[in-house]
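First up is the structure itself, then whatever we jot down about it.
The values are calculated or read from the model by the stated rules, or taken from the named source; none is laboratory data. Quick caveat, the model's predicted, so the values are computed rather than measured. Cβ placement follows ideal geometry from the backbone for every residue including glycine, while neighbour counts extend to all protein chains displayed.
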Amino acid sequence: MSDAPTIRRMANAIRALSMDAVEKANSGHPGMPMGMADVATVLFAKILKYDATDPHWIDRDRFILSAGHGSMLLYSLLHLTGSKEMTIDQLKNFRQVGSKTPGHPERGHTESVETTTGPLGAGISNAVGLALAERILAAEYPTVFDHRTFALCSDGDLMEGVSQEAIAIAGHYKLNKLVFLYDDNGISIDGETSLSDSVDQIARFKACGWDAVTVDGHDAEAVEAALRATEGATKPTLIACKTIIGFGAPNKQGTEKVHGSALGADEVAAARKELGWDYPAFEVPDDLRAAWLEAGKRGQSARKEWEKRFDALDDAVRNDLERRLHGDLPESFAKAMADYKAKLYAEPKEMATRKAGEAALTVVKGELPELVSGSADLTPSNNTLTKNMKVITPGDYGGSFMHWGIREHGMCGAINGMAIHGGILPVGSTFLVFADYCRPPLRLAALMRIRVIQVFTHDSIGVGEDGPTHQPVEHLAALRAIPNLNVFRPCDAIETAEAWEVAVASKTRPSIMALTRQNLPQLRLKDRGENLVAKGAYELAPADGAPAVSLFASGSEVSLAVEAKAALDAAGLPTRVVSVPCYDLFADQPGAYRAEVIGTAPVKIAVEAAIRQGWDAIIGSDGGFVGMSSFGESGPYKKVYETFGITTDAVVALAKKRSSSAA
């Protein structure tokens, strides 16, 4: 008969399962799960407010494994606390195709995995967004939301640059319900972290407005005391847990040898002896299973009390909150957008699409109180702070606009966390050229299939005087290359409004709005009775008779194509214009529709103030292209367009030349 369960013995169950799974797969990272097992056990058995029988309870505490390479720690915890999905067979299939135990945790693939981690630093910024979402929702629904966010991070997480952006945001906004558990083991893949790093993390976090303490990560009482001390915190807290990586593996612990590979049969056997774990692989004794299952149920009473408070809400308030949590749109939304577009049709407006975006966003925000906007210090340029928004400030979360500072990567990572939390529709903004700073969270948002919207203005060489450093030429192609991401480049106010309609309704696909600095004419003058942007591309202007030329364009270049059509029609070359506001959605359309839109005109030309990459799928490899093949240049935007030959005359000349050759 085993002795009564203790924290150390419960932790050893994590260690054993982790090294067994990694050993069976002959792939993985046993070191972190073995080193942080004591800390994780204290957190899940003593502190965390959760109920394993209801993993989606909205007021649960969140646990983020930012050190995603240590995924077996999380999978072991899910299995031990009673996840129906995380069976012992899933642990045995660690890192195998089709299993629920991939090499790094994936949201949506494995139940109870809050966010997809692996790229270091991502979980840190997500955790900041989760903690911020809780504060914003608690300000609106104080009896419904009152939970904390715990993130386990590694040396690697804290070395990544995004960590500085994220912790600065959290400290400034006083996210007191956020706790980082830092696996301070001094080891990375190359060896001791002293090879490349000498940062005093305690001083660093304190300088960013955090409380920060150090504890022995293998002293359960000390870890528990440090965690309980955070309950009344007025700041976010870092707990640096001094640990031994691979704790229990007598010949490899404390070295990089346990970081990214299986221990090997001999070391596994030695670790079992060192830990006093006299059980076969993947076996956990009954008393420890019972103790862990009890830990998994520990939050049931809190959940039941919360359900009473939730049920006590006014019916209208509760129904609207449930709508928000499901990501649904209110019934009034469609009419509000239809009314707005009707005004545009009645009084066409020439404006930059960033201004059109502001106008549309004002309508959207009026219907969706859950929308929280923000900008990375470009608010006057991005136009994402509308008159019906209030700014969120440190300690006052009853608003709907975030000043993120010049932290594009941190902003996008935090926005992912806000979307993951639920109940909030987050919107970020910066210049399109700075998408380079935030590509990792954009990719992860697409991978996680979450609804986030990024407004990227100043979308082309039309930026003008700021020059090539600020003129995106390859960015549209690079972003379109990301699967499950809608990149919208609308040509006028109508398309901008329709892009917003599609974006807010897209529950499982993030969206990017690429919007102009310069004014554009309104090209859509008649309501066609459907959202044409939702199709990705459509015939904006038909040819008069059998088309000789098809012009395809997006954004600001659609007006050039329309002007070129008039000149080509007059020259006896019937021309049609196809607007392509969202290449990604067009690719999703049935083949028959795509063929109809592409058409059979002998001359096909694409026009976009960006590189050609991607357009061949529409115009063919032998199609014509008017656009960029180099970086831009500083100067007034019209002169810059002329310099690079992106003009109506250039389109007309190319069409005539190709028509003559085809004759």
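A few comments on the model shown:
- The listed residue being under 20 Å from the mean Cα position of the chain (by Cα), surrounded by fewer than 24 Cβ atoms within 10 Å (Cβ to Cβ) and within 18 Å of residue 420 (Cα to Cα), out of 123, 118: 118
- Any hit, region 376-392, residues being assigned to a strand (DSSP E or B), over 23 Å from residue 495 (Cα atoms) and either modelled with pLDDT under 95 or not basic (Lys, Arg) (or both): yes
- Number of residues in region 589-599 that are in a loop (DSSP other than H, G, I, E, B) and without any contact (Cβ under 8 Å) to a residue 40 or more places away in the chain: the value is 1.
- A single entry from 455, 433, 364 fulfils the requirement of being outside any helix (DSSP H, G or I) and either crowded, with 24+ Cβ neighbours inside 10 Å or among the hydrophobic types (A, V, I, L, M, F, W, C) (or both): 455.
- Subset of region 220-250 [over 30 Å from residue 169 (Cα atoms) and surrounded by fewer than 17 Cβ atoms within 10 Å (Cβ to Cβ)]: 221, 250
- Pairs linking a residue in region 203-230 that is in the same structural domain as residue 158 (by TED's automatic domain parsing) to a residue that is acidic (Asp, Glu), with Cβ atoms under 7 Å and 6 or more positions apart or on different chains, are 217/38; 218/38; 220/38; 222/216; 223/38.
- Test: residue in region 174-184 that is out of contact with any Ser or Thr (no Cβ under 6 Å at 6 or more places or on another chain), among the hydrophobic types (A, V, I, L, M, F, W, C) and in a strand (DSSP E or B): yes
- Scan region 344-391 for residues that are in contact with a Gly (Cβ under 8 Å, 6 or more places away or on another chain) and without any contact (Cβ under 8 Å) to a residue 24 or more places away in the chain and the total you get is 2.
- Counting only residues that are assigned to a helix (DSSP H, G or I) and either at pLDDT below 95 or closer than 23 Å to residue 112 by Cβ (or both), region 275-316 holds 19 of them.
- Filter result (among the small types (Gly, Ala, Ser) and farther than 13 Å from residue 455 by Cβ) within region 360-390: 366
- When the residues of region 136-159 are filtered to those that are of a type in the set (D, E, K, R) and buried (at least 21 other Cβ atoms within 10 Å of the Cβ), the one that is farthest from residue 424 (Cα to Cα) is 155.
- Here residue 529 clears all of (1) touching a residue at least 24 places away in the same chain (Cβ under 8 Å); (2) part of a loop (DSSP other than H, G, I, E, B) except the condition numbered (1).
- Complete set of residues in region 303-333 that are small (Gly, Ala, Ser) and either in the same structural domain as residue 500 (by TED's automatic domain parsing) or exposed (fewer than 14 other Cβ atoms within 10 Å of the Cβ) (or both): 312, 316, 332
- Only residues that are among the polar types (S, T, N, Q) and in a loop (DSSP other than H, G, I, E, B) were counted in region 53-72, giving 2.
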